[in-house]
1. Go through segment 32-88 and report how many residues are of a type in the set (D, E, K, R), free of Cβ contacts under 8 Å to residues at least 24 places away in the same chain and closer than 21 Å to L2 by Cβ.
2. Just checking: which of the strands (runs of 3 or more DSSP E) contained wholly in the chain hold 2 or more residues that are under 11 Å from the mean Cα position of the chain (by Cα)?
3. When residues of segment 66-83 are filtered for being surrounded by 12 or more Cβ atoms within 10 Å (Cβ to Cβ) and either polar (S, T, N, Q) or farther than 16 Å from T23 by Cα (or both), how many remain?
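Each reported figure results from applying straightforward, stated rules to the coordinates on display, with no laboratory input. Bear in mind that the values here come from a model prediction, so they are computed numbers and not experimental data. Reconstructed Cβ throughout: ideal geometry from the backbone, glycine too, with neighbour counts over all protein chains shown.
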Amino acid sequence: MLRIAIPSTTISAKVFEQHTLLTPPNGTETEVSGELVLLFEDEEEAVAYLDKLEDYSTELDHKSPEKSVINALVSAITNDEFVQAYLR
């Protein structure tokens, strides 16, 4: 199981409902610190989810409230050391 934390306590699991965003295949958890954690089976699944987020992001207006949330999710997944190793 691959766990990717979103380093922002302002983004919670509710954001997927609020902005009708695609949830990660294995869901999410919230750490005691309040950080949202995205759950994936493996790096391949995380990259597939990343691709879907990026595709959706290109359809949004730059001022859309979802844009900053998607950027945070994309950044966290892209910066994950296991995802980076997988992409090499």
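1. So the count comes out to 5.
2. By residue number, 2-6, 36-40.
3. Residues flagged as surrounded by 12 or more Cβ atoms within 10 Å (Cβ to Cβ) and either polar (S, T, N, Q) or farther than 16 Å from T23 by Cα (or both) within segment 66-83 amount to 7.
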